[in-house]
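This report concerns only the one structure given below.
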Amino acid sequence: MAIKRLLSREESERGDSSASVLKKEAASLSTLQHPNIVSVYDLSSDETGMFIVMELLEGDTLADWLQRGPMELPDFKEFATQTLEGILSAHQVNILHRDLKPENIKMNRLPGGRLQAKIVDFGLARMSYAARKQTEDQSGNVLGSIFYMAPEQLLRKSLDGRTDLYSLGCVFYQCLTGHRPFDGETVRNVMDAHLHHTVADLRQVCPQIPAPISEWVMWMINLDQMHRPANARAAL
């Protein structure tokens, strides 16, 4: 098993709204059992503070896999289905992930040849599927996630399930092309690419990919939340 520290003792005892939300969220995660989400077994605390006990996952992350090149289409279809089913399960119990990126997806090749994807690190998730304002993580560090953050996150606007779909769409684009859809030399450049939707159409980048799949991925990373799939079920 793996142990993840959530709050220090001082934070746990402070009793403010952020600590309360995090405790409720961890409790919800412990009830969420899905083959494509890391299992949370227990929520507890000790003299140091609150922690969760989780399934220990061996193997590589998706980021490691993508260093070898783009995914083959059969693997991509399996991967896209599994990750969307996992996110759908989380959204149904009012949990947004908010930080979907290749580093937060663990990959494994099963003995029969099929791949298995598991979404990890709901540390930035928030307990509301309904639209709500984003709050920053304690460090304020977004450098590792900036390539996959939806425009509404960057603008501190209301978030909902379509925010996760945008991030996952960015991951899907990278799986098929081998590079991120929104990139730049600086954080400001990357933010501007998201906010102005400066992205090469997947159909032009990879004409060998069937057009319906390319169009589907571009639908997920639409600038406007209203023009993305309404939810993970619609995307599936």
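The values are calculated or read from the model by the stated rules, or taken from the named source; none is laboratory data. All values reported here derive from a predicted model rather than from experimental measurement. Every residue, glycine among them, receives a Cβ derived from its backbone with ideal geometry; neighbour counts consider all protein chains shown. Ligands, DNA and RNA are excluded from the accessible area calculation, which covers all protein heavy atoms including side chains. Shrake-Rupley method; radii C 1.70, N 1.55, O 1.52, S 1.80 Å.
Odds and ends about this structure:
- Count of the range 30-53 residues which are open to solvent by 20 Å² or more (accessible area, probe 1.4 Å) and in contact (Cβ under 8 Å) with a residue 60 or more places away in the chain: 2
- Breaking point among (1) touching a Phe, Trp or Tyr at 6+ places or on another chain (Cβ under 9 Å); (2) not in a helix (DSSP H, G or I), for GLN208: (1)
- Of the residues making up the range 153-205, just one is within 17 Å of PRO229 (Cβ to Cβ), among the charged types (D, E, K, R) and in a loop (DSSP other than H, G, I, E, B), namely ASP160.
- Applying a threshold of 9 Å to beta carbon distances and a minimum spacing of six or more residues, or different chains, the list of pairs starting in the range 170-199 at a residue that is under 13 Å from TYR148 (Cα atoms) and touching a residue at least 24 places away in the same chain (Cβ under 8 Å) and ending at one that is of a type in the set (Ser, Thr, Tyr) and open to solvent by 30 Å² or more (accessible area, probe 1.4 Å) reads PHE182/THR198.
- GLN92 farther than 23 Å from PHE147 by Cβ, touching a Leu at 6+ places or on another chain (Cβ under 6 Å), surrounded by fewer than 21 Cβ atoms within 10 Å (Cβ to Cβ) and not hydroxyl-bearing (Ser, Thr, Tyr): no
- The residue of the range 135-152 that is modelled with the lowest pLDDT, among those that are within 23 Å of LEU62 (Cβ to Cβ), part of a loop (DSSP other than H, G, I, E, B) and open to solvent by less than 50 Å² (accessible area, probe 1.4 Å), is ASP137.
- Residue match in the range 22-29 (condition: open to solvent by 50 Å² or more (accessible area, probe 1.4 Å), touching a Leu at 6+ places or on another chain (Cβ under 9 Å) and basic (Lys, Arg)): yes
- Test for PHE76: is it buried (at least 16 other Cβ atoms within 10 Å of the Cβ), in contact with a Leu (Cβ under 9 Å, 6 or more places away or on another chain) and within 14 Å of CYS175 (Cα to Cα): yes
- Qualifying positions in the range 102-119 - buried (at least 16 other Cβ atoms within 10 Å of the Cβ) and farther than 13 Å from TRP65 by Cα: LYS118, ILE119
- Residue within the range 120-134 that is of a type in the set (D, E, K, R), open to solvent by 60 Å² or more (accessible area, probe 1.4 Å), modelled with pLDDT under 85 and more than 12 Å from the chain's Cα centre (by Cα) present: yes
- Test for GLY59: is it among the small types (Gly, Ala, Ser) and either surrounded by fewer than 13 Cβ atoms within 10 Å (Cβ to Cβ) or touching a Gly at 6+ places or on another chain (Cβ under 7 Å) (or both): yes
- Top-ranked residue of the range 161-191 - restricted to ones that are hydroxyl-bearing (Ser, Thr, Tyr) and open to solvent by 10 Å² or more (accessible area, probe 1.4 Å), ranked as nearest to the chain's Cα centre (by Cα): THR177
- Within the range 219-236, being surrounded by 20 or more Cβ atoms within 10 Å (Cβ to Cβ) and either modelled with pLDDT under 95 or out of contact with any Ser or Thr (no Cβ under 8 Å at 6 or more places or on another chain) (or both) holds for MET220, ILE221, ARG228, ALA232, ALA235.
- Odd one out for LEU100, checked against (1) more than 16 Å from ALA117 (Cα to Cα); (2) in contact with a strand residue (DSSP E or B) (Cβ under 8 Å, 6 or more places away or on another chain): (1)
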